[in-house]
Amino acid sequence: MNTPAPHLPSFRSLDLNLLRVFDAVMAEGSLTQAAQVLSMTQPAVSHAVRRLRQALGDELFVRTAHGVRPSARAQRIWPPVRAALAGLSQALVQGPTGRYQPQIDAVQWRLAMADATAALLAPPLVAAIEAAQALVNLRMLPLTTRDPRAMLDSGDTDLALGFFPEAMAGMAADGADSLLRHQRLHSTRYVGVMRRGHPLAGQPLTLDAYCAAHHLLVSFSGRPYGFVDQALAGLARQRRVMLTVNQFFTAGRVVARSDLLTVLPEGFVQATGCEEELLTCDLPFSMGPVHVEMLWHVRHETDPAHCWLRERVLQAVSQATSSHDFRCATAPTKQQGAV
């Protein structure tokens, strides 16, 4: 018996507006919320989804108690659909001259970063946009992972800033086939952080004392295991993580008012807002440097508006570095291109 061929729609006859609706429903996980984003009625969105289902021969979405769940095929086609829509959007904002004109061409970018990075870079970045009178709107998204490759591939974010060793290793393994690009912003180091007046303050921190203490971990996923725990495991040691938080600001507030220890990139201590209440110290074990990178998808590599944004980010880092907001930071080292 012959297996029936999968349903293949004719691209010529496909209404491309349906793809905009599909993208919105995938992003929002709800027909109602997608309708609000698109400024459409919910019945109109439902009708568009029904037409796309017929065109693709796939259910695409299954209703749930909290919205809709995408089918396997919907999940598979969403990244290239979103990338194509983003490319069209970028082509349309480059103006009649083919160049990006900040005061004429309105654009919106989504940047994923930790709260400490945002606290340090957002002020000079906004100042640069205002000084240029640029029609640029920024949407800063919280990082929920140490590996933003999926966010960049799907187009959920246009630029990711942070310490991403797993992503960098993956990009290096992919070599010339990598679809991501990166540029180093600055480097710092991990330090131990405790409140002033802590019982361990004023003396060298030993490994035994460190492991016997109670700890706070900044974990974007909530998982109570991080780079420090990996380093301790290599020494056949472990610690008790009493609390995990997902923001450096929260970490500073808690540590300043408790006997918990934490480990932070030294350049981020100021971003906690509690610098005057905290002490830093060398760790009693070896940790590698913290290289903060800027990552983007190759689809944005030559886009004039995105290039303009990346230059503004580099300027913001330079200003933050010169004002000592990034302690132990190095000047930006350009590593643009495939890794």
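The values are calculated or read from the model by the stated rules, or taken from the named source; none is laboratory data. All values derive from a computational prediction rather than experimental measurement. Glycine gets a Cβ as well: all are built from the backbone with ideal geometry, and neighbour counts include every protein chain shown. Calculation scope for accessible area: heavy atoms of the full protein, side chains included, ligands and nucleic acids excluded. Shrake-Rupley method; radii C 1.70, N 1.55, O 1.52, S 1.80 Å.
Of note:
- Sequence of Phe268, Phe249, Phe227 when ordered by accessible area, the most exposed leading, probe 1.4 angstrom: Phe249, Phe227, Phe268
- Between the Cα long axis of helix 42-56 and the first principal axis of the chain there is an angle of about 70°, rounded to the nearest 10.
- P(r) of segment 45-166 over all Cα-Cα pairs, binned every 10 Å from zero, in whole percent: 11, 29, 32, 21, 7, 0
- Share of carbon and sulfur in the accessible area of the chain stands at 53%, probe radius 1.4 Å.
- Nearest-ten-degree value, helix 115-131 long axis tilted from longest Cα axis of the chain: 60 degrees
- Sites Leu88 and Asn246 - FRET efficiency at Förster radius 45 Å, r taken between beta-carbons, to 0.05: 0.85
- Proximity of backbone amide H atoms, modeled 1.01 Å from N, is registered between His214 and Leu261 at under 5 Å, excluding neighbours fewer than 5 places apart on the same chain.
- In Å², nearest 10: area of Ile129 left accessible to a 1.4 Å probe: 20 Å²
- Heavy-atom accessible area, probed at 1.4 angstrom with all protein chains present, ranks Ser89, Ser154 as Ser89, Ser154, highest first.
- Structure-derived Rg and Dmax of the Cα atoms in Å - corresponding label in (1) 30.1, 121; (2) 20.8, 64; (3) 23.4, 80: (3)
- The charge dipole of the chain, taken about the Cα centre with unit charges on the Cβ atoms of Lys, Arg (+1) and Asp, Glu (-1), comes to about 660 debye, rounded to the nearest 20.
- Alpha carbon centroid spacing (whole Å) that separates segment 261-289 from segment 155-186: 25 Å
- Highest-MSF residue in the chain out of Ala112, Ala131, Ala122 [GNM, Cα springs under 10 Å]: Ala131
- Its Cα centre serving as origin, segment 177-285 has a Cβ charge dipole (Lys and Arg +1, Asp and Glu -1) of approximately 200 debye.
- The rule of thumb for compact globular proteins, 2.2 N^0.38 Å, goes into the C-alpha radius of gyration of segment 161-310 1.20 times.
- Accessible area per residue for the chain, computed on protein heavy atoms with a 1.4 Å probe, is 50 Å².
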